[in-house]
Amino acid sequence: MKSFSIIGGVPLFGSVTASGSKNAALPIIFSTLVTRGVCRIGRVPDIGDVRVAIELISELGAKVRRVDGDLYVDTRHLTYRDHSADLCCMIRASTYLLGSSLAAFGRCKLPQSGGCNFSPRPIDMHLDAALAFGGERAGEYLTATKLKGAVISFPKPSVGATINALIMASVAEGETLIRGYAREPHVIALSDFLISAGADITFTDSFVRVVGRELHGGDVSVIPDMIEAGTYLTAGLITHGRVTVRGCDPKELSSYLDLLDRLGADVTVGSSSVTASLTGDPKPVAVTAEPYPGFPTDLQPIAAPLLSFAGGEIYDRVWQSRYGYLRALEPFGIRYSVTADTARIHPSVLHNADTAAPDLRGGMAAILTALMAKGESRVNSAETVLRGYEQPTEKLSYLGAHVTLSDP
Ligand code: UD1
């Protein structure tokens, strides 16, 4: 088990470049299975979840080559086989096999996906979509002779279910309408890839219209990771430093920048960069995590250490019980209370401590808290953080943090 050692209380200054988005790269990688040709996917982050996704599509015959940040995926000779359950259990994104394997082979063993278990994560809407396209459930398999276009109305926006529906619709026979779809930038990024592979996808305010086609190899560059960008901006703020994130899309960060504004931070926005620092006393703030363009649920654990200055409230409307990570911050002296669906963070005096990453974003929240607290801290289960952050030790060290990764 790897762990991060952190000597906190050091202000972080400088700039880092955002990596490609984990949540955009993963669906694109799985969706290559419905193309036939050679796909190029640029700016793919070298992180644990991506490595597992590559292994999963390689099991199905995809030939994958990484050249610097680009991934080349040759899907000309795919063959169905049941995926390895142990690989599937490592990442949540293995749920995308449901749509991509069913569409590519007419068969899919229902994936037992893993990833962060901060809340029950149902897949009923993914299954309903597969059945609407003509899939049939047979024990632990979904099968279909030919997927047919369908009208799908999701009762609430689900990133995962929208992604599976888009993948299936792209190659299903005829027209599909998807209502109640999720509008996250990673959903649009997946569509851009599918369109580059020949898909016919049109977004309107109330639905997505897809006309099925045979897809060739696609070519796209992964969008910058807005969650990672928010993470490094936060690292600068909580240490009373000043960090610039370059190569990001400030528009996608607007709900987070609004939080910084209400907190009293000094924020400078460029065309593809953001700089933030805290000059005055931070104010208490409330955060509501909501589907895009609302505040991203993945950034609420990252915001929690910021709220420990002056206190604040977190209400997550996407995952109502996503507050378990606060237990991992308790050893540092973070004071909080959780009632029904709201977490209250109280002004806290922090000290160094040892803890373990409870999940990906909760693990990064622990690293951020350790960066605030004077003295040496340890965050165990570092692999959990490395699943979704590219070179966090290097990036934080570059900003002046005293962070090392050890492998005892
Ligand atoms: C969600 C986030 C995504 C984030 C990811 C990891 C949103 C809308 N989605 O994506 O941005 O990257 O978590 O933190 O912010 N649901 C069902 N049935 C289903 C699928 C989902 O009821 O079949 C519910 C979930 O319980 C949840 C909501 O829909 O309350 C959103 O889930 P969904 O968007 O599918 O989650 P992820 O795709 O995992």
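Details
- VAL211 versus ARG40: modelled label distance in nm, points set 7 Å from Cα along the beta carbon direction: 2.9
- Of all DSSP beta bridges in the range 22-221, antiparallel share, percent nearest 5: 75
- At R0 = 41 Å, FRET efficiency that the Cβ-Cβ distance of ILE188 and ASP354 yields, to 0.05: 0.50
- Placing +1 on the Cβ of every Lys and Arg and -1 on the Cβ of every Asp and Glu, with no other charges, gives the chain a dipole of roughly 220 debye about its Cα centre.
- If only the Cβ of Lys and Arg carry +1 and only the Cβ of Asp and Glu carry -1, the dipole of the range 22-221 around its Cα centre is close to 80 debye.
- Under conditions of 10 °C and 1.306 mPa s, the range 22-221 yields 97 µm² s⁻¹ as its translational diffusion coefficient, taking Rh as the Kirkwood radius over Cα pairs in the Stokes-Einstein equation.
- Remark: the Cα gyration tensor places the range 46-135 in the oblate category, a/c being 1.5 or greater and a/b not exceeding b/c.
- By the equivalent-ellipsoid construction on the alpha carbon gyration tensor, the chain comes out with semi-axes of 37, 21, 20 Å, ordered largest to smallest.
- Its Cα centre serving as origin, the range 289-408 has a Cβ charge dipole (Lys and Arg +1, Asp and Glu -1) of approximately 260 debye.
- Per residue, in Å², the accessible surface of the chain once ligands and nucleic acids are set aside, probe 1.4 Å: 38
- Relative contact order for the range 1-156, counting Cα pairs under 8 Å that sit 6 or more residues apart, in percent: 17
- Projected onto their three principal axes, the Cα atoms of the range 292-336 cover extents of 32, 20, 13 Å, largest first.
- Here's the picture: a label point sits 7 Å out from the Cα of ARG121 along the beta-carbon direction, and within the range 211-240 the residues with their amide nitrogen under 18 Å of it are 226-228.
- Of all beta bridges that DSSP places with both ends in the chain, some 70 percent have antiparallel geometry.
- Under the simplified labelling scheme, the ALA138-GLU394 pair shows an inter-label distance of 4.7 nm, with each label point 7 Å from Cα along Cα→Cβ.
- Beyond 20 Å in Cα-Cα separation lie the following of the pairs LYS2/LYS395; LYS2/LYS63; LYS22/LYS251: LYS2/LYS63.
- Mean Kyte hydropathy of 1.0 or more with a Cα span along the axis of at least 27 Å, helices from DSSP in the chain: none
- Extension gain from ASP266 to GLU59, taking 0.36 nm per residue of separation minus the Cα-Cα distance: 69.6 nm
- The longest part of the chain holding none of the exposed loop GluC sites (Glu not before Pro), meaning those outside H, G, I, E and B in DSSP with at most 14 other Cβ atoms within 10 Å, is 215-408.
- Only helices enter this figure: runs of n ≥ 4 DSSP H residues, each worth -39500 (n - 2.57), summed and divided by the residues of the chain, yield -9000 deg cm²/dmol at 222 nm to the nearest 500.
- Spacing of the two label points (7 Å from each Cα toward its C-beta) at ARG246 and SER337, in nm: 4.7
- Computed in the context of the full set of protein chains, the accessible area of the chain at 1.4 Å probe radius has 50% of its extent on carbon or sulfur.
- Alpha-carbon centroids, the range 118-159 and the range 296-321: separation in whole Å: 31
The values are calculated or read from the model by the stated rules, or taken from the named source; none is laboratory data. In this text, all values refer to a predicted model and were calculated from it rather than measured experimentally. Cβ coordinates were reconstructed from backbone atoms using ideal geometry, including for glycine residues, and neighbour counts include every protein chain displayed. The accessibility values were calculated without ligands, DNA or RNA, using every heavy atom of the protein model including side chains. Shrake-Rupley method; radii C 1.70, N 1.55, O 1.52, S 1.80 Å.
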